[in-house]
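Working notes, beginning with the structure itself.
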Amino acid sequence: MPPSSFSPDLLDPTSPAYKKARRQHYKTTKHRPAHVESEWTPFRAAEKKYKAHFPPPDLSKVLDLALLDETRADEVARGVWRGSADAVPFKEMTLKGSDPSLRDKKAYIFPKHPGLVVLPSFVSHDQQRQLVRWALRDHARSPNETNLDTHYILPEEGLWNRYASLRATGLVDEELVQPRASTSTAPPPEPPGPRKLVANEPAGKDNYRELATTPKPPSTPSPTVQPTSTASLIPRLRWANIGWSYHWGTKQYDFSKGKGVIQNEVRQLCKNVVRSVRWERVLSDQCNHEEWGEDGPDWETWDESYEPDAGIVNFYQTRDTLMAHVDRSEICATSPLVSISLGCAAIFLIGGLTRDEAPYPIFLRSGDIVVMSGPACRRAYHGVPRILENTLPLHMQVDACAEDWSIYAEYLQGTRINVNARQVFPRGFDPIV
């Protein structure tokens, strides 16, 4: 798992590295149609801008809230990349609660995006490392489904744990993980061709039973997958399911698999986030009952009623992206979606109800939390076009209290882990089909 190959010299137009990259860029784009950019929506144009590796994107229009925190000055300086403290309009907000750890923390809300809350550095350094261990060691394994389970027969103790034990014995490249296709009874895969986009119907109380009973066939293992070393599979890990099982083929939940367990530390962290936000400052102006659904605005009850019951752990490598999308699969379409950033920094884009609205770009660093809530924000297009190289903070590279941290630090050099959780069912809803 080599660290990212990005060179800070690419940010210097006079450097040999920059000039070489410029020549390669011209060579690969000289036949691109001149009108192609005019066909992009504003959201797509932003994705292209920040995804580009040459020229390196200008981050001066990206909101970087770490610049407002003197305690993160060293983290910003070490990370090469930096945004701007005033790139988009926002309002600062204090947090509520008696926990002493919240006393010096702030939250930020955005008039143009009611329901969006960013809590920089909300997760302590120790808890960030604990969450990384949980995500890789404890969670990305049976019975929690991962993207690799479709194609490989993964080690019973979990891919990461097997990798760690093989590294300790010096046999990391000698053991092969076998493909699943040879033992699968699933139907044969569709012939190759253009990727089919799935347009899922927004879930709600009125169509829940129809969506819940829609057939959700298992994914078909690839017949071309070859036996692969454990070490080679580690950077191919992309996601691990949390709670209710999400069916990627239909973009709906597969309730027939039952409700998975949400680890208490993650559950409690998400609930603490929701309880610490002053929702009257965030959503008091968003009282259109029609937009909130038949039960009307319920943010006043979230301190007690919010209960995360589904989510996903995303594992992004520095060349990975999460393109613009809208979350439509939860019956509870307004309650908070809590997203936790760990490892390398990223550019987060949030727009409006269509891709035709230009998105806000926000710099997310390790320990930052984003909350999307309310009818407008939960249905807003959002994505992550760029994981930023060389941005792993020092506290994620070194743990003086744990000798085993080096293997995690090595993996994180080119990785961002995102833990997000949401509430599928509104309070009092009976999900029995």
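The values are calculated or read from the model by the stated rules, or taken from the named source; none is laboratory data. As the structure is a prediction and not an experimental result, all values here were calculated from the model. Please note: Cβ atoms are built from the backbone with ideal geometry, for glycine as well, and neighbour counts cover all protein chains shown. Protein only, heavy atoms only, side chains kept; ligands, DNA and RNA dropped before computing areas. Shrake-Rupley method; radii C 1.70, N 1.55, O 1.52, S 1.80 Å.
Comparing PRO111, TRP81, HIS53 along the charge dipole axis of segment 48-111, the residue lying farthest to the positive side is HIS53, per the Cβ-charge model. What shape does segment 95-159 take by its C-alpha gyration tensor, where a ≥ b ≥ c are the square roots of the eigenvalues and a/c under 1.5 counts as rounded, a/b above b/c as prolate, and the rest as oblate? Oblate, because a/c is 1.5 or more while a/b does not exceed b/c. The helix-only estimate of mean residue ellipticity at 222 nm for the chain, built from DSSP H runs of length n ≥ 4 each weighted as -39500 (n - 2.57), is -6000 deg cm²/dmol after division by the residue total. Judged by the ratio a/c of the largest to the smallest principal axis of the C-alpha gyration tensor, segment 1-145 counts as prolate, that ratio being 1.5 or greater while a/b is larger than b/c. Surface calculation, 1.4 Å probe, protein heavy atoms: ARG137 sits at approximately 80 Å² accessible. Accessible area per residue (1.4 Å probe, heavy atoms of protein chains only) ranks GLU265, GLU37 as GLU37, GLU265, with the largest value leading. Taking the Cα centre of segment 303-345 as origin and assigning +1 to Lys and Arg Cβ atoms and -1 to Asp and Glu Cβ atoms, the resulting dipole is close to 380 debye. Taking square-rooted eigenvalues a ≥ b ≥ c of the alpha carbon gyration tensor, is the chain rounded, prolate or oblate, where a/c under 1.5 means rounded and, failing that, a/b exceeding b/c means prolate? Rounded, because the longest to shortest axis ratio a/c is under 1.5. Using Cβ point charges alone (K and R +1, D and E -1), the dipole size of segment 300-401 about the Cα centre works out to roughly 500 debye. On the basis of the beta-carbon distance and an R0 of 45 Å, ASN288 and THR169 show a calculated FRET efficiency of 0.15. The calculated FRET efficiency for ARG278 paired with VAL36, based on their beta-carbon distance and R0 = 56 Å, is about 0.80.
Accessible surface of TYR253, taken over heavy atoms with a 1.4 Å probe and every protein chain present, rounds to 10 Å². For TYR152, the accessible area of its heavy atoms, probed at 1.4 Å with every protein chain present, is near 10 square angstrom. Legend: residues THR169, THR250, THR391, THR301, sorted from most to least accessible area (1.4 Å probe; ligands, DNA and RNA excluded), read THR169, THR301, THR250, THR391.
About its Cα centre, the dipole of the chain is roughly 1420 debye, where the only charges are +1 on Lys and Arg Cβ and -1 on Asp and Glu Cβ.
Entry note, segment 47-173: relative contact order of 13 percent, from Cα contacts under 8 Å with a spacing of 6+ residues. Ordered by 1.4 Å accessible area with all protein chains kept, SER98, SER229, SER165 run largest first as SER98, SER165, SER229. Computed over the chain, relative contact order equals 21 percent, with contacts defined as Cα pairs under 8 Å that lie 6+ residues apart. The residue list GLY260, PRO336, PHE315 was ranked by how far each Cα lies along the charge dipole of segment 253-336 toward its positive end, using unit charges on Cβ atoms, and PHE315 comes out on top. Counting only C-alpha contacts under 8 Å and six or more residues apart, can you give the relative contact order of segment 294-433 as a whole percent? Computed over segment 294-433, the figure is 39 percent.
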